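J.: Structure below; questions to follow.
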Amino acid sequence: MSAESVDALVVGAGPAGLMAATVLARAGRHVVLTEAKPSVGRKFLMAGKSGLNLTKDEPLADFLCQFPDLAPQLRQAVTDFDPSAVQDWARELGQEIFTGSSGRVFPNAMKASPLLRAWLGQLSVLGVEVRTRWRWVGWSGEEWRFQTPDGEAQLTPAVAVLALGGASWPRLGSDGAWSEIFSESGVPVMPLQPANAGIAIDWSSHMRRYFGEPVKGTQLRAGSSVARGEFVVSDRGLEGGGVYAISRQVREGLAVELDLAPDLTVDEVARRITGQKTKDTVVNRLRKSLHLSPVKLALLMEFGRPLPEADRLARLVKQLPVLHSGLRPIEEAISTAGGVAWRAVDQDLMLKDRPGVFVAGEMLDWEAPTGGYLLTGCFATGRSAGQAAANWRPG
């Protein structure tokens with residue numbers, strides 16, 4: 001079987017791959033975009049079901065602080081395609097956007113599907129050829145091997161961008177299978193681990209009535225990291241943005257504490273509790289003095305029984321230890337940490353051992369919280385890899 005020669009190949013049709021294909025096509029390259037699933041952007045669409053948070057409208061310095069262990073290549077990519085540029089890009093696709101009170105930026109439609117349709121329409125006009133159900137299975141010398149509906153196919157691209165994602169939500173396409181191919185080829189890969197993941201908890205039976213309940217006005221602490229945000233009690237543990245913000249610390253084994261009254265000091269909590277009638281039960285005194293919601297009281301009972309009195313109780317309200325068994329499995333995570341080691345790519349995100357092959361998105365070893373940071377990082381690295389690929393020439 002002879003291999004098909006292509007000008008520019010992009011493997012993976014998530015946000016990073018779609019952005020790389022856009023940049024390559026605009027530079028005049030003929031792009032073949034392959035996707036293992038029957039349709040493109042599946043994880044992107046899933047992420048937008050509850051509101052597509054494109055980016056966070058804040059100063060670049062603050063934005064970059066949300067990327068732990070920021071590699072120079074990632075810093076440059078996000079600097080070149082910052083939150084303002086992301087907003088301009090969405091508008092260019094005909095998508096009106098708005099900024100919420102927290103600074104998070106959303107399309108007016110909230111969903112991902114209108115933006116994705118506009119994006120795919122743009123790619124079609126640019127001449128990008130999309131091939132779905134094409135799964136990349138490795139290299140054979142200079143040839144790229146794919147499993148397709150018509151059997152095995154081989155391509156020989158002049159340049160290529162790999163944007164296959166991490167290993168979260170494998171049913172949507174990001175299964176991390178590429179990591180074994182890379183490792184066997186001698187490319188250093190850091191182990192893929194869950195990021196932006198829920199905390200696993202084996203609840204007692206009395207918590208069942210609270211499954212699905214949101215917990216608001218609470219602060220989470222893990223080591224020196226503090227996060228304030230809403231989360232949900234689920235049958236599997238705690239999930240949601242507030243929890244995801246400390247998932248890295250949980251993964252590293254740090255203890256987790258809840259502050260159920262973050263706007264009050266310990267002394268203020270103690271004074272309010274002791275100011276209640278002593279004939280009331282402890283739970284009623286907490287409810288009346290601190291206006292704790294039923295789900296907060298349930299969490300206090302779950303992790304703090306038997307409840308102490310006075311000052312010790314106030315400290316428990318402010319520093320409630322969460323008894324957990326780590327993060328939920330990687331297939332349930334929003335994203336992953338780990339991936340292609342930064343030392344394996346040059347300043348343009350090209351594999352040092354494979355000239356003309358670039359890597360983008362969650363395949364690289366970085367992580368960022370939800371809230372617009374993660375998606376912007378994928379857009380930015382896809383754009384950076386696409387630009388470098390468009391300009392690359394052998395020799």
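The values are calculated or read from the model by the stated rules, or taken from the named source; none is laboratory data. Nothing here was measured: the structure is a model prediction, and the numbers come from that model. Please note: Cβ atoms are built from the backbone with ideal geometry, for glycine as well, and neighbour counts cover all protein chains shown.
J.: Does S185 fit the bill of being buried (at least 17 other Cβ atoms within 10 Å of the Cβ) and under 17 Å from V359 (Cα atoms)?
T.: Values: buried (at least 17 other Cβ atoms within 10 Å of the Cβ): no; under 17 Å from V359 (Cα atoms): yes.
It is false that S185 is buried (at least 17 other Cβ atoms within 10 Å of the Cβ) and under 17 Å from V359 (Cα atoms).
J.: So L164 clears everything in (1) part of a strand (DSSP E or B); (2) in the same structural domain as R133 (by TED's automatic domain parsing) except one condition, right? Which one?
T.: (1)
J.: Just to be sure I understand the filter: pairs with C-beta atoms under 9 Å, separated by 6 or more residues or on different chains, first member in the stretch 86-106 and in the same structural domain as L120 (by TED's automatic domain parsing) and closer than 20 Å to T22 by Cβ, second member β-branched (V, I, T) and surrounded by fewer than 19 Cβ atoms within 10 Å (Cβ to Cβ). Which pairs pass?
T.: Q87/T99; V105/T99
J.: Within the group V295, V345, V357, which residue is out of contact with any Ser or Thr (no Cβ under 7 Å at 6 or more places or on another chain), surrounded by fewer than 22 Cβ atoms within 10 Å (Cβ to Cβ) and at pLDDT 95 or above? Break it down into steps so the answer makes sense when it comes.
T.: Details: V345 fails: surrounded by fewer than 22 Cβ atoms within 10 Å (Cβ to Cβ); V357 fails: surrounded by fewer than 22 Cβ atoms within 10 Å (Cβ to Cβ).
Criteria check complete, one pass: V295.
J.: Considering each of A195, A200, A153 in turn, give the residue that is within 26 Å of D348 (Cα to Cα) and out of contact with any Cys (no Cβ under 6 Å at 6 or more places or on another chain). Working first, answer last.
T.: Numbers: A200 fails: within 26 Å of D348 (Cα to Cα); A153 fails: within 26 Å of D348 (Cα to Cα).
Going through A195, A200, A153 in turn, just one is within 26 Å of D348 (Cα to Cα) and out of contact with any Cys (no Cβ under 6 Å at 6 or more places or on another chain): A195.
J.: With T79, T99, T22, T55 as the choices, which residue is surrounded by 19 or more Cβ atoms within 10 Å (Cβ to Cβ), of a type in the set (S, T, N, Q) and under 30 Å from Q249 (Cβ atoms)? Steps first, please.
T.: Values: T79 fails: surrounded by 19 or more Cβ atoms within 10 Å (Cβ to Cβ); T99 fails: surrounded by 19 or more Cβ atoms within 10 Å (Cβ to Cβ); T22 fails: under 30 Å from Q249 (Cβ atoms).
Answer to the check: T55.
J.: All but one of (1) at pLDDT below 95; (2) buried (at least 16 other Cβ atoms within 10 Å of the Cβ) hold for K49; state the number of the condition that does not hold.
T.: (2)
J.: Out of curiosity, is A270 under 18 Å from T370 (Cα atoms), at pLDDT below 95 and among the hydrophobic types (A, V, I, L, M, F, W, C)? First the steps, then the outcome.
T.: Numbers: under 18 Å from T370 (Cα atoms): no; at pLDDT below 95: yes; among the hydrophobic types (A, V, I, L, M, F, W, C): yes.
When the stated conditions are applied, A270 does not pass them.
J.: Another question, if that's okay. Among the candidates V250, V256, V226, V187, single out the residue that is over 19 Å from the mean Cα position of the chain (by Cα), β-branched (V, I, T) and not assigned by TED's automatic domain parsing to the domain that holds A341. First the steps, then the outcome.
T.: Numbers: V250 fails: over 19 Å from the mean Cα position of the chain (by Cα); V226 fails: over 19 Å from the mean Cα position of the chain (by Cα); V187 fails: not assigned by TED's automatic domain parsing to the domain that holds A341.
Selected residue: V256, the only one of V250, V256, V226, V187 that is over 19 Å from the mean Cα position of the chain (by Cα), β-branched (V, I, T) and not assigned by TED's automatic domain parsing to the domain that holds A341.
J.: Follow-up question, since we're still on this one. Within the stretch 219-229, take every residue that is surrounded by 18 or more Cβ atoms within 10 Å (Cβ to Cβ) and touching a helix residue (DSSP H, G or I) at 6+ places or on another chain (Cβ under 7 Å) and give me the one that is farthest from L320 (Cα to Cα). Step through it out loud before you land on a result.
T.: Start the filter on the stretch 219-229 by keeping residues that are surrounded by 18 or more Cβ atoms within 10 Å (Cβ to Cβ), which leaves 220-222, 227, 229.
Remaining after also requiring touching a helix residue (DSSP H, G or I) at 6+ places or on another chain (Cβ under 7 Å): 220, 222, 227, 229.
Details: L220: 9, A222: 12, A227: 15, G229: 16 Å.
Only one residue tops the list, namely G229.
J.: Right, next: Please verify whether the stretch 230-249 includes one or more residues that are closer than 24 Å to W203 by Cα, of a type in the set (A, V, I, L, M, F, W, C), surrounded by fewer than 20 Cβ atoms within 10 Å (Cβ to Cβ) and modelled with pLDDT under 95.
T.: Within the stretch 230-249, the subset closer than 24 Å to W203 by Cα is 230-249.
Next cut, of a type in the set (A, V, I, L, M, F, W, C) only: 231-233, 238, 243, 245-246.
Checking which are surrounded by fewer than 20 Cβ atoms within 10 Å (Cβ to Cβ) leaves us with 232.
Add one more test, that the residue is modelled with pLDDT under 95, and what stays is none.
For the stretch 230-249, residues closer than 24 Å to W203 by Cα, of a type in the set (A, V, I, L, M, F, W, C), surrounded by fewer than 20 Cβ atoms within 10 Å (Cβ to Cβ) and modelled with pLDDT under 95: absent.
J.: Suppose we filter the stretch 360-387 for residues that are surrounded by 24 or more Cβ atoms within 10 Å (Cβ to Cβ) and over 17 Å from the mean Cα position of the chain (by Cα); how many remain?
T.: So the answer is 3.
J.: Only one of these is without any contact (Cβ under 8 Å) to a residue 60 or more places away in the chain, under 28 Å from M207 (Cβ atoms) and not aliphatic (A, V, I, L, M): R312, R271, R328. Name it.
T.: Numbers: R271 fails: under 28 Å from M207 (Cβ atoms); R328 fails: without any contact (Cβ under 8 Å) to a residue 60 or more places away in the chain.
It is R312.
J.: Would you mind telling me which numbered condition in (1) in contact with a strand residue (DSSP E or B) (Cβ under 8 Å, 6 or more places away or on another chain); (2) within 29 Å of L93 (Cα to Cα); (3) of a type in the set (A, V, I, L, M, F, W, C) L172 fails?
T.: (1)
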